[in-house]
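To start, the structure itself, in structure tokens.
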Amino acid sequence: MNLLYEFIKYKWQAKGRHGIHSPFVYDFVEKVLKNKLNSKELNQANEYHNFLQRCDIEIEFNEFGAGSKLLKKTRRIKDMFALSSSKGKYGKLLYLLVKHYKPEKIVEFGTSLGVGTLQMHLASKSAEITTVEGCKNTHAFTLKNFPLKNPNVNFILSSFEAFCLQEVKNSYDLIFIDGHHDGEYLLRYLRLLDDQTHDNTLLILDDIRWSKSMFDAWKKLSTDKKYHVSIDLFRVGILVKKPDQAKEHFILQY
Ligand SMILES: C[S@@+](CC[C@H](N)C(=O)[O-])C[C@H]1O[C@@H](n2cnc3c(N)ncnc32)[C@H](O)[C@@H]1O
């Protein structure tokens, strides 16, 4: 996977809001991608980021997914924060998606340090968030250090597979898959979760260009007739079934 080549291709193809006829996608560009945040909105997240950035604690990491290309088995929290947390513009994207679409039920695959979880929680404290993590030491660290007391968040220690196979069924409004970056597994999790989605569920897939297998899976998903809207933001891909609109694929500047 030649990321530089892929990036140039993406930049060449990516559109702004002009020429977008889908009202849903036009609104997404205006209200989410172009939204400027008030600088105070994410104060609590910034404080947590400052703590993580300086945190020298080391944990033994139990690898569940495809594995980091850069981190070893014993990991410092500050390195995990630097390399695998949703901060910067991708953290804002999560925040704004939740703020704008107001999903009531959210599931996140890959809690890690809870950085993405916190962004989503700050955007809507009433949203019920379930977040799944397979590494027990990471799960324990995040449970202990998550900066808000009694948030509306269920921190679950489980493999993604076991979570997807459980009997209890939900109807999620937003599903964020941010771990186990292997294309075959991504397709499998989406198949298993399909009956827990509805026509407007937002499927947010991180690291669609992390490897060839992830990108192949993304290409398969974005051409799947089931999803009428697919949006490529280079690192993140978004899918929505939206059967009420014509099938269209969007590569958008972000
Ligand atoms: C990139 S990090 C998640 C970052 C987080 N979502 C954020 O927004 O900051 C991926 C996490 O997924 C977990 N993970 C990967 N594959 C998994 C699997 N198959 N089952 C359970 N957890 C998994 C890893 O342990 C890791 O903590």
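Look through region 62-108, keep the residues that are out of contact with any Ser or Thr (no Cβ under 9 Å at 6 or more places or on another chain) and of a type in the set (Asp, Glu), and return whichever of them is modelled with the highest pLDDT.
79
Within region 132-140, does at least one residue satisfy the condition of being surrounded by 22 or more Cβ atoms within 10 Å (Cβ to Cβ), of a type in the set (Asp, Glu) and within 13 Å of the ligand (Cβ to nearest atom)?
Scanning region 132-140 turns up at least one residue that is surrounded by 22 or more Cβ atoms within 10 Å (Cβ to Cβ), of a type in the set (Asp, Glu) and within 13 Å of the ligand (Cβ to nearest atom).
Kindly indicate whether residue 196 is surrounded by fewer than 22 Cβ atoms within 10 Å (Cβ to Cβ) and at pLDDT 95 or above.
yes
Give me a count of the residues in region 199-213 that are crowded, with 17+ Cβ neighbours inside 10 Å and over 15 Å from residue 176 (Cα atoms).
3
Could you tell me whether residue 32 is surrounded by 12 or more Cβ atoms within 10 Å (Cβ to Cβ), modelled with pLDDT of 95 or more and in contact with a His (Cβ under 8 Å, 6 or more places away or on another chain)?
For residue 32, the condition - surrounded by 12 or more Cβ atoms within 10 Å (Cβ to Cβ), modelled with pLDDT of 95 or more and in contact with a His (Cβ under 8 Å, 6 or more places away or on another chain) - is met.
Looking only at region 156-178, count every residue that is of a type in the set (Phe, Trp, Tyr), more than 12 Å from the ligand (Cβ to nearest atom) and not in a loop (DSSP other than H, G, I, E, B) and tell me the total.
Summing the residues that are of a type in the set (Phe, Trp, Tyr), more than 12 Å from the ligand (Cβ to nearest atom) and not in a loop (DSSP other than H, G, I, E, B) in region 156-178 gives 0.
Looking only at region 86-109, decide whether some residue is near the ligand (Cβ under 10 Å from one of its atoms), touching a Phe, Trp or Tyr at 6+ places or on another chain (Cβ under 6 Å), of a type outside the set (S, T, N, Q) and not in a loop (DSSP other than H, G, I, E, B).
Taking every residue of region 86-109 in turn, at least one turns out to be near the ligand (Cβ under 10 Å from one of its atoms), touching a Phe, Trp or Tyr at 6+ places or on another chain (Cβ under 6 Å), of a type outside the set (S, T, N, Q) and not in a loop (DSSP other than H, G, I, E, B).
Can you confirm whether region 208-224 contains a residue that is touching a residue at least 40 places away in the same chain (Cβ under 8 Å), out of contact with any helix residue (DSSP H, G or I) (no Cβ under 7 Å at 6 or more places or on another chain) and among the acidic types (Asp, Glu)?
For region 208-224, residues touching a residue at least 40 places away in the same chain (Cβ under 8 Å), out of contact with any helix residue (DSSP H, G or I) (no Cβ under 7 Å at 6 or more places or on another chain) and among the acidic types (Asp, Glu): absent.
Of the numbered conditions (1) surrounded by fewer than 13 Cβ atoms within 10 Å (Cβ to Cβ); (2) within 18 Å of the chain's Cα centre (by Cα); (3) of a type in the set (A, V, I, L, M, F, W, C), residue 168 satisfies every one except a single condition; which is it?
Condition (2) is where residue 168 drops out.
Residue-by-condition table, conditions (1) within 16 Å of the ligand (Cβ to nearest atom); (2) modelled with pLDDT of 95 or more; (3) part of a strand (DSSP E or B):
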position: 180; (1), (2), (3): yes, no, no
position: 187; (1), (2), (3): yes, yes, no
position: 200; (1), (2), (3): no, yes, no
position: 210; (1), (2), (3): yes, no, no
position: 216; (1), (2), (3): no, yes, no
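Just one of the numbered conditions (1) under 26 Å from residue 166 (Cα atoms); (2) among the hydrophobic types (A, V, I, L, M, F, W, C); (3) touching a residue at least 24 places away in the same chain (Cβ under 8 Å) is not true of residue 140; which one?
(3)
Please enumerate the residues belonging to region 225-254 that are touching a residue at least 60 places away in the same chain (Cβ under 8 Å) and either acidic (Asp, Glu) or part of a helix (DSSP H, G or I) (or both).
Across region 225-254, the qualifying residues are 232, 248.
The values are calculated or read from the model by the stated rules, or taken from the named source; none is laboratory data. Just so it is clear, the structure is predicted and the values come from calculations on it, not from any experiment. Positions of Cβ are backbone-derived with ideal geometry, glycine not excepted, and every protein chain shown enters the neighbour counts.
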